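Just below is one structure, and these are the notes that go with it.
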Amino acid sequence: MLSRLYGSLARRRRGWYERWPEARRRLDRPVVSVGALSVGGSGKTPITARLAGLLVSMGERPAVLSRGYARTRRVAGVVVVRDVDRVRAGLAEAGDEPFMLAQALRDTAVLVAADRHRAGRLAETAMGATVHLLDDGFQHLALHRDVDLLLLAEQDLADPRTLPGGRLREPVDAARHADALIVETPDAGRARALADRLAVGRAFRFTRVLQPARHAETQQEVGVAPGAPLLAVAGIAQPGRFFRALRARGYAVAATLAFRDHHPYTARDIARIERLAAARRVEYVVTTEKDRVRLLPYAPFAFPLLSIPLAVPIEPEASFRAWLGGRVERARAA
């Protein structure tokens, strides 16, 4: 009952913006939105990072606009997490995902604000942004977007219930408003079939690829010997996916420790990790890049902490690059 009501309200809200498009505020530079139907774990942040790198390689100066979910210190107005030169704000003011993006990206501004139109105007006027990336933007209907990218996994369609009983923020039929699907699958035919089913004109695909482990503090690559026992720690939306990926990559995961998504680590959590690492006699503690930025305030650690970066190639790469570049140029010309 509650899920049906939630879905109905979400459909009515989107319908209202369709009837009154002038209610959407516009930025002067093209806006590329990255979003999902499901809550948590869809890959929006690594895809946003991938897109930023792609746009930089095209000669653009992107600005990532984020709401800064789960910030522990609220700041009025716009927080410039990163300008094109360096990181300007900390984890508490930025939130873990924008802070992670700010540390990873180059030639890209990262801004956080509840009012993303205001953040975008600042990026345009003060930072020379030529294109915006609206992180987690599919449901942010108050801002006009020129390209709407929707990330989708087949499990999103397995249970079509919306919140609070299911994991979807909107009914599945909202997908038809996307300009392109980016489906988590290695199968091009499957991606195209899902796009046809949901009445979306373009289909691309992505997979998650674990990169070599890095020392959490120095960011130097670390060669983990085969069979070396590990403790895997994750405070993300779907920690089990990370643990399974480690094992599939051949890591010897001796124990796991899961926290809720965006968990703000405490000294007690660090002590708990240390005790478990000692009890299981692991060689390393491994975690995600997103967890790394929340753990680092407690460095140095009494245990060797490694982070495992994630790559998310969008395929077919040349086709996607050409399509995205064309859409951005068309929006700029208009």
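The values are calculated or read from the model by the stated rules, or taken from the named source; none is laboratory data. None of these values were measured; they are calculated from a predicted model. Virtual Cβ from ideal backbone geometry, glycine too; neighbours counted across all protein chains shown. Ligands, DNA and RNA are excluded from the accessible area calculation, which covers all protein heavy atoms including side chains. Shrake-Rupley method; radii C 1.70, N 1.55, O 1.52, S 1.80 Å.
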Notebook entry, point to check: Rule-of-thumb check for the chain: C-alpha Rg over 2.2 N^0.38 Å?
Noted result: 1.01
Check: Where does the Debye-calculated log10 I(q)/I(0) of the range 83-213 sit at q = 0.16, 0.18, 0.21 Å⁻¹, using only Cα point scatterers of equal weight, no solvent?
Finding: -1.01, -1.14, -1.24
Check: So how exposed is ILE314, as accessible area in Å² (1.4 Å probe, rounded to 10)?
Finding: 10
Next item on the list: Could you please state how large a percent of the accessible area of the range 28-121 is carbon and sulfur, counting protein chains only and using a 1.4 Å probe?
Entry: 46
Next item on the list: Place the peptides 138-146, 296-304 in order of packing, highest mean first, counting for every residue the other Cβ atoms within 10 Å and averaging per peptide.
Entry: 138-146, 296-304
Notebook entry, point to check: Which value, in debye to the nearest 20, gives the size of the charge dipole of the range 218-334 about its Cα centre, when Lys and Arg are +1 and Asp and Glu are -1 at the Cβ?
Noted result: 300
Item checked: Integer Hz, Karplus 6.51/-1.76/1.60 couplings in order for the range 27-44, x for Gly and Pro -> 9, 6, 9, x, 10, 10, 9, 10, x, 8, 7, 8, 8, x, x, 7, x, 4
Notebook entry, point to check: For GLU154, what accessible area in Å² do you get when you roll a 1.4 Å probe over the heavy atoms of the protein chains, rounding to the nearest 10?
Noted result: 80
Notebook entry, point to check: Gain in length, ARG118 to ALA158, computed as 0.36 nm per residue apart minus the alpha-carbon separation, to one decimal in nm?
Noted result: 10.6 nm
Check: For the range 202-276, which whole percent of the accessible surface, found with a 1.4 angstrom probe, sits on carbon and sulfur atoms?
Finding: 50
Checklist line | Solvent-accessible heavy-atom area per residue, rounded to whole Å², over the chain at 1.4 Å | finding: 45
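Using helices alone, I'd like the mean residue ellipticity at 222 nm for the chain: each DSSP H run of four-plus residues gives -39500 (n - 2.57), total over residue count, nearest 500.
Computed ellipticity for the chain at 222 nm equals -10500 deg cm²/dmol.
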